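Engineer: Shown below is the structure under consideration.
The values are calculated or read from the model by the stated rules, or taken from the named source; none is laboratory data. Please read all numbers here as calculations on a predicted model, not as lab measurements. FYI the Cβ positions are ideal-geometry reconstructions off the backbone, even for glycines, and counts take in every protein chain you see. Keep in mind that these areas ignore ligands, DNA and RNA; they rest on the heavy atoms of the full protein, side chains included. Shrake-Rupley method; radii C 1.70, N 1.55, O 1.52, S 1.80 Å.
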Amino acid sequence: MDAGDWIALSTGAVSVGAAAIAIWQARTASASASHSEKQARAADEQVRVANEQLQQAERLHREQLALAERIHREQNEPYVIVDIQPSDPTLGILVVVIENIGPTVARDVRISCDPPLVSGWGDDLTEMLQRALSRTIPMLPPGRRLEFLLDKQDRFENSDLPTAYTFTVESEGPSGSVESLEYVVDFGTWAESLMKNRPTKQIEEKLGKIQDAVKALSDSYKLANAPAIRTEHEHRRDLMRQQREARSNNGEPPAPPTQ
């Protein structure tokens, strides 16, 4: 090979080497770009997860604040209940009870009833009850209890009258309107319990105890004062005998009996 051939061969080798270096650099740059892209995507994913966690924490914090505010509000709200109860088992009287068992004053208390209350004692009492429940109560302090006469125990013997009512209560508290409360009252469920303890049962028992005590006292008195009682009876018999003798002797008064 002459010099020209060696020069051409050298030039070709250099060209091949340069091309190989260029290919290696290109591949290295491509790998570096791919790695950078992966890092960028991983960073983006971390940012997305962090944002979601932050949003979740903020949402949880808001919910906790709302719950704490609701608890604080409910703890300081009035709590008005409506119920039907026996006022005194010995009397067998049923009453409608309105009571504020909450810690604060209830204002503008409004009560509705379904079906409308009906008393077995007649239209006058029924009208009074319906008028009382339809009236807005301006103020009901904590612990205040209102009672309205409804019926007597005979109510359970009259199947035409309902024993279940639904009461709805709306009112205002220190923080504004109070959530509506609904009470389903079915006093027919404890009718048997009330009938078992009839209204006169306790009275009868008390009268029976009084009668026994009076009889025991009377027997003790007779036993302790038997001689005096016997003497008194004999004295009365003598006096009656003398009065008969006086009438038979033309009305002359008898001699006074000896003691």
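Engineer: What number goes with the only condition from (1) over 30 Å from residue 111 (Cβ atoms); (2) within 43 Å of the chain's Cα centre (by Cα); (3) modelled with pLDDT of 75 or more that residue 196 does not pass?
Structural biologist: (3)
Engineer: Does residue 8 satisfy being modelled with pLDDT under 70 and open to solvent by less than 60 Å² (accessible area, probe 1.4 Å)?
Structural biologist: Judged against the criteria, residue 8 is not a match.
Engineer: Another one. Which ones in segment 82-112 are of a type in the set (D, E, K, R) and at positive phi? Spell out the reasoning first.
Structural biologist: Keep residues of segment 82-112 that are of a type in the set (D, E, K, R), which gives 83, 88, 99, 107-108, 110.
Within segment 82-112, 108 is the sole residue that qualifies.
Engineer: Could you pull out the residue among 116, 78 that is out of contact with any Pro (no Cβ under 6 Å at 6 or more places or on another chain), assigned to a loop (DSSP other than H, G, I, E, B), under 21 Å from residue 138 (Cα atoms) and in contact (Cβ under 8 Å) with a residue 12 or more places away in the chain?
Structural biologist: 78
Engineer: Looking only at residues that are assigned to a strand (DSSP E or B) and open to solvent by 20 Å² or more (accessible area, probe 1.4 Å) in segment 160-172, which one is nearest to residue 80 (Cα to Cα)?
Structural biologist: Here the answer is 170.
Engineer: Further, regarding this structure: Of everything in segment 122-175, what is small (Gly, Ala, Ser) and at pLDDT 90 or above? Give them in sequence order. It would help to see each step written out before you state the result.
Structural biologist: Going residue by residue through segment 122-175, those that are small (Gly, Ala, Ser) are 122, 132, 134, 143, 159, 164, 171, 173, 175.
Hits for segment 122-175 are 132, 134, 143, 164, 171, 173.
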